[in-house]
Amino acid sequence: MENLGIGVLIIVVLLVVAGLVYMAMRDDRSRDPLQERLAQFGERELPESLEEIELSLSFKDRILLPFLRSVAEITTRFTPQKQIDETRKQIELAGLSGSMEPTTFFTIRIVATIGVGLAAFMLFYVLSPNRDPNALLYSLGGAALGFFFPVLWIQGKISRRQDNILKSLPDALDLLTICVEAGLGFDQAMGKVYEKWDNELAIGFGRVLREIQLGKLRRESLRDMSDRMGVPDVTSFVAAVIQADQLGVSMTKILRVQSDQMRVKRRQRAQEKAHQAPVKMMIPMVLLIFPSLWIVLLGPAIILLLDSGTLGMV
């Protein structure tokens, strides 16, 4: 039991290290710690040498970040470009494009693979009193778990982000319709959604507005937004808006139709989940609730039969 506790502690420490790696790698690449330190010295007396300034930097800026970036660069050099593009697409779908790069994700996978594999080896071989012969197999399993865990994590973030977008889309379309009917343009209506709410869809509208201000065409910005979200309902909405803009159809009518359709789809999804609930409840009922009921109901009767010797006679 003591060895098990030590192994769990090692795994927790490695997970914390992986988290610190992620926090270190997600720093703004445009920030130069050396320039910041020079600016601080500019307000005081000048240092004697550049080495003194470098030594005054924190451990993260001086050692950890350069080491992790070199590992990330080596990893990227041996990674196919197609896999890098797919990883960048997954990061965009998860809404992490501003805080994570594909190199960061690959570094996290490497650290998690090595860390969890070593933790499994320590737990089942080094700390085990009987030196389990299957320790190598368990170590490979732990390494595989550490390799695929970041993928599962980012897939979970993608699913949660897309669910939030689906839930907020009908309300956003209602607000867009009201604003357009009140006399605002479509861009100003998106600005109202961005001002009123703080969710993934509103942030997407805000990015579209910034891209339009920088000179990008509205239809291209909307298509890029739908690609970054990967939600079929958003894709159909963007396609309807672009088609209405190109054909000269009333934007108010298109938004009203889209709003009604999205509300119907949301109600249908809620009904589908309600119909799936009994099936999903069957597993915990069969494995957890029913055995407990049998124990509570038949347990006293079995104890009485054992005390009376009836079961022994049978």
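Observations
- Matching residues, region 153-170, being charged (D, E, K, R) and at pLDDT 90 or above: LYS157, ARG160, ARG161, ASP163
- Evaluation of LEU184 against the conditions (1) aliphatic (A, V, I, L, M); (2) closer than 30 Å to ALA244 by Cα; (3) in a helix (DSSP H, G or I) shows that the sole unmet condition is (3).
- Candidates LEU123, LEU152, LEU145, LEU137 - the one that is in contact (Cβ under 8 Å) with a residue 40 or more places away in the chain and either out of contact with any Leu (no Cβ under 6 Å at 6 or more places or on another chain) or in a helix (DSSP H, G or I) (or both): LEU123
- Taking the criterion of being among the acidic types (Asp, Glu) and under 31 Å from the mean Cα position of the chain (by Cα), the residues of region 168-194 that qualify are ASP171, ASP174, ASP187.
The values are calculated or read from the model by the stated rules, or taken from the named source; none is laboratory data. The shown structure was predicted, so the numbers you read here are calculated from the model rather than taken from an experiment. Here Cβ is always computed from backbone atoms with ideal geometry, including for glycine, and neighbour counts include all displayed protein chains.
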